[in-house]
Amino acid sequence: MLLDRNESMLSGRLYQALIECNLREAITSKHGQPRAPTVINNETDCPIGGIWCSWDIETLRGGYLPFTALAPRTNHRTLWFELSFTTAFGHNMPDIIRPKMRHLQCSDPRSVDNYIRKYKKSILDQDLLQRVRQLESIATYPVSSNAQEIYEELDELRCRAVAAEERSCRKLKAGQVAFSPTIKGLMSQIRAWSLLKRKAEGHKVSSRLLERCLRKAQLGPEEKIMSIDYLESKLKETYKIYYSTKGNAALLRSNFLHTLAEAWADKQNKPKEQIYRQLLRVENKEVQQDK
């Protein structure tokens, strides 16, 4: 917002009103209070013009041009300031990189030993060490095109071996059963019954953790005083229901996506089929990335 008013831009009622609107003067906030007037007949050395903007707009450069620099017949200076292209027009946000579970756990010595053993075997099977020595024997400076091709081939083989042996370190269980509220509810009940059984057996169980699990499983506090036999029977019963329900996990997931699409359709006033197809595309994309 460009203002030209017959009073100082550094004080006064207008200055206070703009400050209360959470605005700032771009030029003086960048360079400090100037000692040059913005109009010829001003004898106070205070600018009466200013460029006011919000605080999130970054001023790269700015200032006052000499009198009559752009307009020969005016008694005012020309005010200017520069901001970045991103600030003016925005930018495309990068894709969100979701954290992924790693097959190789460096904190587990068993996992590390398993990885090193399999990686060594892969190197020996492909005779990578001998091929690297042969590459060193023909290496020159600058690198020849033949040596560069051999290096790229060996590097690709090594990267493939690293990725393959890391995947074989341990089997990840996450995502093996498609999510749905039904499956989630049964898993919450299994967790709650397991904690109740451990507490009844005399093991130390956090009371806050137990309360949270009971709420998630929609179980009452009276379950905490039940006998071990009762709790064990309920745990086995819930496991039995879970394993029988797990076979229909794909169908339950599809039903959940339909209900989710219906909720978004009501909120966004769009066809349900269109939103359902969008949800499927996103889900299939995430599955391909995980692979």
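The values are calculated or read from the model by the stated rules, or taken from the named source; none is laboratory data. What you see is a predicted model; the values in this text were computed from it and never measured. Virtual Cβ from ideal backbone geometry, glycine too; neighbours counted across all protein chains shown.
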Exercise for the section: State all residues of segment 100-125 that are of a type in the set (S, T, N, Q) and in contact with a helix residue (DSSP H, G or I) (Cβ under 8 Å, 6 or more places away or on another chain); if no residue qualifies, say none. Expected result: GLN105, SER122
Practice task
Answer yes if at least one residue in segment 179-196 is within 30 Å of ALA163 (Cα to Cα) and either aromatic (Phe, Trp, Tyr) or not assigned by TED's automatic domain parsing to the domain that holds ALA163 (or both), and no otherwise.
Solution key: yes
Problem - Filtered residue count, segment 205-258, keeping only those that are of a type in the set (D, E, K, R) and touching a Leu at 6+ places or on another chain (Cβ under 9 Å) - result: 4
Exercise for the section: Considering every residue within segment 32-41, establish whether at least one is among the polar types (S, T, N, Q), at pLDDT below 80 and touching a Gly at 6+ places or on another chain (Cβ under 9 Å). Expected result: yes
Problem - Qualifying position, being in contact with a Gly (Cβ under 8 Å, 6 or more places away or on another chain) and closer than 30 Å to TYR276 by Cβ, among GLN189, GLN218 - result: GLN218
Practice task
Answer yes or no as to whether LEU128 is touching a residue at least 24 places away in the same chain (Cβ under 8 Å), aliphatic (A, V, I, L, M), touching a helix residue (DSSP H, G or I) at 6+ places or on another chain (Cβ under 7 Å) and outside the structural domain of ARG24 (by TED's automatic domain parsing).
Solution key: yes
Exercise for the section: Check every one of the helices (runs of 4 or more DSSP H) wholly within segment 176-277 and list those with 1 or more residues that are touching a Lys or Arg at 6+ places or on another chain (Cβ under 8 Å), in contact (Cβ under 8 Å) with a residue 24 or more places away in the chain and under 24 Å from MET101 (Cβ atoms). Expected result: 181-200, 207-216
Problem - Extreme residue, nearest to LYS236 (Cα to Cα), among residues of segment 178-189 that are crowded, with 18+ Cβ neighbours inside 10 Å and among the aliphatic types (A, V, I, L, M) - result: LEU186
